[in-house]
Amino acid sequence: MLSRTAENLFWIARYVERAETMARLLEVGARIALMPSAGHGYRSEWESLLQASGTAEGFAAKYGDPVQRNIESYLFFDRDNPSSVVSCIERARENARIVRTALTAQVWDALNMAFQEMRQLERKPRSSLELTDLTDWVNRTGAMVRGAIDATLLRNDGYDFLNLGFALERADNTARMIDVKYYVLLPSVDFVGTGLDNYQWQTLLRAMSAQRAFHWAYGGEITAAKIAHFLILNRESPRALITSTGAAMEHLDSLARKYHKSGPAQMRARALVAELAETRVEDIFEEGLHEFLTRFIRDVGELTDMVHTAYLSGDAR
Amino acid sequence: MTDYFNEMYDSGQVRAPYARLEDWMRAMPAELRQMKQAEAEALFRRIGITFAVYGEGGDPDRLIPFDMFPRVFTQNEWRRLEKGIKQRARALNAFLLDVYGRGEIVKAGKIPARLVYQNEAFERAVTGFTPPRGIYSHIVGIDLVRTGPEDFFVLEDNCRTPSGVSYMLENREIMMRMFPELFRENRIEPVDGYADALRRTLASVAPAKCDREPTIGILTPGHFNSAYYEHSFLADLMGVELVEGADLFVEGGFVWMRTTEGPRKLDVIYRRIDDAFLDPLCFRPDSMLGIPGLMDAYRSGGVSICSAPGAGVADDKAVYTFVPEMVRFYLGEEPILQNVPTWQCAKADDCKYVLEHLGELVVKEVHGSGGYGMLVGPKSTKEQIELFRLKIEENPENYIAQPTLALSTTPTFVEEGIAPRHVDLRPYCLVGEKIELVPGGLTRVALTEGSLVVNSSQGGGVKDTWVLAE
Amino acid sequence: MILTVDHVTTYQYDQPMRAAVQSLRLFPSRFDGQRAITWEVAVEGGLRGGAFRDGAGDKVEGWSLRGPVSEVTVTVRGQVETIDTAGVLRGHRETVSPFAYLRETAATWIDERVEALATEAVRGAESGLDRAHALARAVAEAIAYVPGATHAHTTAAEALAQGEGVCQDHAQALAAAARAVGMPARYVSGYLYARDDGAPHEAAHAWAEIWVEGIGWIGFDPANECCPDDRYIRLGSGLDAREAAPIKGIAQGLGEERLDVSVALEAVQQ
């Protein structure tokens, strides 16, 4: 297929995934803001969130102080923010419009409908919109799109590029969200294991729609080690880094079979998954969670670049 | 000028092709009609046909009104039109082959050299190269109007990239979906063979250096273009690639698509962009849409471009006057379809006549399109006429004039019910190994009462066009 | 005369480019006044593309370079035998109608100054040939040869207004002036062998051709106030300098381009 078409498909998935992440981050922020804060005031927590989502500078330029209402506007509705939910949905739909003939009517309908609903949301007075309703809507939209893709799309290379987009974006986003919790939200290491620590973890799990799954898998006390295992190393966990990386590897392998050609991207993905498979939670904490995540985010970034070079850039030979 | 030919009723009688439609029309209650109209609109929106025809620009999300009342031709009427259209398409191509070669028609004094060689659409860069099968215009859109049972006139020719064919196909699709009974009762020739015929046509002009089943692509300016839907629709129907300039590059004298599996050779390009944007090395150096080196690949036989660069010299409004002459000169035949009598303001005598009769004439810019830059004398105010007088006097070469034609009407659903509205017709003639014409075309209708301007930018709509089987 | 040509053009980019494509009009025209004995055109590291001869008789060849490209070197080497045809382009095969050379371009726009110069110049001239000579003289007088006074995108009208320029400006101004009085005219690019006569010119050269009814295309070189003779090698033509450019190229990327040209013409001792 045309590299540009593959790129459009790849980005449809990435934008949908990113819109969900934004909504989930907003939810985390809103919940944590409800907590009596531990000496820092909620202002700094919001600031941390902005930093984690990579939107702090843009926000500061437009609004100055992080006030929750403005943050909600900026992360959800603001077209000046390229990562806002609205920007992501709009771009996902625009990418879909460009490659409509590579999609089924159901996939297009799901994306187009999301776009139309979003325009209606934008017209409503902001005060009538509950944040939880907004995030629910985003998650529902994501589910609709994924459902339509899984149920109706031909399993050709386009399917692989869509799923690569989902997997790589999710791997990156999950790592960032864990990092937000551990490195950014918690005021200092002294708080590890405290009530605040646990509350934040729960919030994070909830935002990832993974609270119940976690309890099924582990039960008992929430500990940092359990959560790290669940979100990083547990193949049963749909958002775990190993699961996302594994999905990326599968779809890269699928492409290699279809094209009868394997390259550095496949090798890199395999190496990443193999490394995660051999990693123990203790290793992660020994390295330092933040250091581990930073390295992982960089690795995923490099893998994404390799995918781009191999398939999307149009310079493949 | 009140005596318009009504294609359904002739002197109080229902004409044969419309006989069955009359019952259908009478049997449809107003509520049902409104419901169906809404349904049609929803269908169009859902498919996403919201583009402007004929490069009129404007809001890309604007829907062109669809009128459910079909326009009908008998087999006999169509046969004559078909012959005339094919004849004209052949003559136009013969003209292009000639003027990019030896220029016999100019040497024979049948058409002024200035009109050809100083024409903005004449591309010196393609002289000396003969495209496959000597064909320049592979899709010829000929705009026709009717003034009587036997009287058809050609309003203009479109040799470059006539648009709107997706309307022809979608209008039919929607009619069949909404009124299947009509298609059971009337035996209507299908138009859905168009995509296949277009693909065959394009494949038949593969370049000399192509030694296998040619790979075909539609070259679009991109998704911001108002006709993007049509481009992707046609690509999908034909099962060919939809490419933008950035998807292509030239190497080793061939054109290659950038794909996920590496470069893939492209043999035939059905381009929907203007000559000027094809290749920054050859035409506009500032073009961001073009493919550097494309014209070198084309002229050395590595790729075919449809329509051929330079095809536009055959369809400007000044050259139009000479098309009947082309038919005689190249084919040795009498033209089956008539031109609308045209005064060239470039000629002093003609110009004088035009200025004296502005109130009766339609004046058009030579290079204008889309119903802009046009004066419809009988429908204009004194001020508008005087303004045009100044424009013509300023630059007579830029204008031609034609009599106000009594465009035929067909019944059309309007607010108050059903009323006659003026229509024109654009069939799409395919020229490749064979000359093919699907039985149908795009009927445009002027929805405003009394209006003769059918352009969608000026309140025009579209209709399904039927040719009845025998 | 037998002339040897050694012409090297180098484009350097300060950062690697994604790819480069070129269209070369670097081949001696075939007409009675010249014949290539040997002629080689090559682009270092490039892939040769399609070649063809266009309706104006010019041979054009496409080349491409795969990225990353940081330098493009076009080398032309050859030997051409020339004879003096007094500027007349005799025996040149072309199919384009001369009428196609009446069109204005952005670079040869006919403004009032061009029109005035042309009308004034041909006043009293009887034959087409006289008119052409008169036009060439007028342009030569109107634009003094001053290297560096103009740039690649200077139009004919601008050069005339400025009164200074180089051969490109002379040629474009003459083409525009001829068209202004209804004579088909075109821009020609090529080489000029400099005898040690102290005349200021470069080996890469440009002049104009005017269509004279009854004779055909005739070259005029206002920069040297003569008609091309056996010191000239003709490469190609166009409506203006851009169209007739011996090398047209595009490199994709953000790098800045640096151009370096060296042309050496020598006469072979006989």
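Bear in mind that the values in this text are calculations on the coordinates, not laboratory data. Owing to the predicted nature of the structure, the values given are computational and were not obtained by experimental measurement. Glycine also receives a Cβ, built like all others from the backbone with ideal geometry; neighbour counts cover every protein chain displayed.
Once the Cβ-Cβ distance of C:His151 and C:Glu44 is raised to the sixth power relative to R0 = 45 Å, the FRET efficiency obtained is 0.95.
Tell me, what does the Kirkwood hydrodynamic radius of the stretch C:111-270 come to in angstroms if you use every pair of distinct C-alpha atoms?
Numbers: mean 1/r = 0.0615 Å⁻¹.
Value: 16.3 Å, from the Cα pair sum.
Applying the Karplus relation 6.51 cos²θ - 1.76 cosθ + 1.60 with θ = phi - 60° to the stretch B:115-129 yields 3J(HN,Hα) values of 4, 8, 7, 9, 5, 4, 7, 6, 9, 4, 4, 9, 5, x, 10 Hz, where x marks Gly and Pro.
Across chain B, Cα pairs under 8 Å and at least six residues apart give a relative contact order of 24 percent. Full extension of the chain segment joining A:Glu302 with A:Arg270 gains 10.2 nm, where the gain is 0.36 nm per residue of separation less the Cα-Cα distance. When +1 charges are put on Lys and Arg Cβ atoms and -1 charges on Asp and Glu Cβ atoms, the dipole computed for the stretch B:293-373 relative to its Cα centre reaches about 180 debye. Principal axis extents of the Cα atoms in chain B, from largest to smallest and rounded to whole angstrom, are 66, 57, 41.
Quote the charge dipole size of the stretch B:341-403 about the Cα centre in Debye, to the nearest 20; the model charges only the Cβ of Lys and Arg (+1) and of Asp and Glu (-1). If you can, show how the numbers build up before the last one.
Details: 7 positive and 10 negative charges, 33 e Å.
So the magnitude is around 160 debye.
For the peptides A:101-111, B:27-37, A:208-218, C:181-191, the ranking by mean Cβ contacts within 10 Å, running from highest to lowest, is C:181-191, A:101-111, A:208-218, B:27-37.
Among A:Ala52, A:Ala23, A:Ile12, which residue has its Cα positioned farthest towards the positive end of the charge dipole of the stretch A:1-152, with +1 placed on the Cβ of Lys and Arg, -1 on the Cβ of Asp and Glu, and the dipole taken about the Cα centre? Of the options given, the answer is A:Ile12.
Under 5 Å between amide hydrogens, built in the peptide plane, is the criterion, and for B:Glu241 it picks out B:Ile216, B:Ile218 among residues at least 5 positions away or on other chains.
Dividing the alpha-carbon Rg of the stretch C:1-155 by 2.2 N^0.38 Å yields what?
Numbers: Rg = 19.9 Å, N = 155, 2.2 N^0.38 = 15.0 Å.
For the stretch C:1-155, the normalised Cα radius of gyration comes out at 1.33.
Of A:Ser73, C:Ser29, the sequence from fewest to most neighbouring Cβ atoms within 10 angstrom is A:Ser73, C:Ser29. Mean residue ellipticity at 222 nm, helices only, chain B: -8500 deg cm²/dmol; runs of at least 4 DSSP H residues each add -39,500 (n - 2.57), and the sum is divided by the number of residues.
Each pair of Cα atoms in the stretch A:110-231 enters the Kirkwood radius, and Stokes-Einstein at 4 °C and 1.567 mPa s then converts it into a translational diffusion coefficient of 76 µm²/s.
Computed from point charges on the beta carbon alone (+1 for Lys and Arg, -1 for Asp and Glu), the dipole magnitude for the protein assembly as shown about its Cα centre is near 2260 Debye. Using C-alpha pairs below 8 Å separated by at least 6 residues, the relative contact order for the stretch A:1-152 is 31 percent.
Normalising the Debye intensity of the stretch A:1-152 to I(0), with uniform scatterers on Cα atoms only, and taking log10 at q = 0.09, 0.13, 0.14 Å⁻¹ returns -0.31, -0.61, -0.69. Using only the Cα atoms of the stretch B:342-470, build the gyration tensor, take square roots of its eigenvalues as a ≥ b ≥ c, and label the shape rounded, prolate or oblate: rounded if a/c is under 1.5, else prolate if a/b is larger than b/c, else oblate. Oblate shape, in that a/c is at least 1.5 and b/c is the bigger or equal ratio.
Suppose R0 equals 41 Å. What FRET efficiency, 1/(1 + (r/R0)^6) with r the Cβ-Cβ distance, do B:Thr448 and B:Glu334 give to the nearest 0.05?
Working: r = 37 Å, r/R0 = 0.91.
FRET efficiency, B:Thr448 to B:Glu334: 0.65.
Compute the signed sum of charges (Lys and Arg +1, Asp and Glu -1) over the other residues within less than 10 Å, Cβ to Cβ, of B:Ala469.
On the way: positive: B:Arg187; negative: B:Glu189, B:Glu470.
In short, -1.
Per-residue shielding of B:246-259, expressed as the average number of other chain Cβ atoms within 10 Å of the residue Cβ, stands at 6. Taking every Cα-Cα distance in the stretch B:68-202 and sorting them into 5 Å bins starting at zero, the pair-distance distribution P(r) comes out as 2, 7, 14, 17, 18, 14, 10, 7, 5, 3, 2, 0 percent. Electrostatic tally near C:Val60: other residues with Cβ closer than 10 Å to its Cβ, Lys and Arg +1, Asp and Glu -1, net +1.
What does the charge add up to near B:Val250, with Lys and Arg as +1, Asp and Glu as -1, over the other residues with Cβ less than 10 Å from its Cβ?
Values: positive: none; negative: B:Glu251, B:Asp279, B:Asp296.
Taking every other residue near B:Val250 into account, the sum is -3.
Judged by a Cβ-Cβ distance under 4.7 Å, the unpaired cysteines of the protein assembly as shown are A:Cys88, B:Cys159, B:Cys210, B:Cys282, B:Cys306, B:Cys429, C:Cys167, C:Cys226, C:Cys227. The mean of 1/r over all pairs of different alpha-carbon atoms in the stretch B:234-345, once inverted, gives a Kirkwood hydrodynamic radius of 16.5 Å. With axes computed from alpha carbons, what is the tilt in degrees of helix C:167-180 against the longest principal axis of chain C, rounded to the nearest 10 within 0 to 90? The helix C:167-180 is inclined about 50 degrees to chain C. Semi-axes of the equivalent ellipsoid of the stretch B:402-470 are 26, 15, 11 Å, computed as sqrt(5λ) over the eigenvalues of the C-alpha gyration tensor in descending order. One equal scatterer on each Cα of the stretch A:154-317, no solvent, Debye formula: the resulting log10 I(q)/I(0) at q = 0.20 Å⁻¹ is -1.25. Lys/Arg Cβ at +1, Asp/Glu Cβ at -1, dipole of the protein assembly as shown taken about the Cα centre: which of C:Val72, C:Ala159, A:Ala248 is farthest positive-ward? Going by the Cα projections, it comes out as A:Ala248. Spherically averaged projected area of the convex hull of Cα atoms, chain A: 16.3 nm². Backbone amide hydrogens, once placed in the peptide plane, bring B:Trp466 within less than 5 Å of B:Arg71, B:Val72, B:Phe73, excluding anything fewer than 5 places away on its chain. Between A:Thr294 and C:Glu112, the simple label model (points 7 Å from Cα in the Cβ direction) yields a spacing of 7.1 nm.
Ranked by how many other Cβ atoms sit within 10 Å of their own Cβ, fewest first, the residues C:Lys59, B:Lys83 fall in the order B:Lys83, C:Lys59. Taking the three principal axes of the alpha carbon atoms in chain C, the coordinate ranges are 59, 44, 39 Å, sorted in descending order.
Placing R0 at 56 angstrom, the Cβ-Cβ distance between B:Glu22 and A:Asp133 gives a FRET efficiency of 0.55 after rounding to 0.05. Relative to its residue count, the stretch B:341-403 spans a Cα convex hull of 72 Å³ per residue. For C:Asp84, the residues whose modelled amide H falls within less than 5 Å of its own, excluding neighbours fewer than 5 places apart on the same chain, are C:Asp230. Between 0 and 90 degrees, rounded to the nearest ten: what's the tilt of helix C:112-122 against the longest Cα principal axis of chain C? The helix C:112-122 is inclined about 60 degrees to chain C. Think of the stretch C:20-153 as a dipole: +1 on every Lys or Arg Cβ, -1 on every Asp or Glu Cβ, centred on the Cα centre; then among C:Leu47, C:Phe31, C:Tyr101, C:Leu47 lies furthest on the positive end.
Take the eigenvalues of the Cα gyration tensor for the stretch B:302-371, scale each by 5, and report the square roots as semi-axes in whole Å, largest first. Don't skip to the end; give the middle numbers.
On the way: eigenvalues 156, 63, 21 Å².
The answer is 28, 18, 10 Å, longest axis first.
Only Cα sites of the protein assembly as shown enter the Debye sum here, all with the same form factor; the resulting log10 I(q)/I(0) across q = 0.08 1/Å is -0.98, listed in q order.
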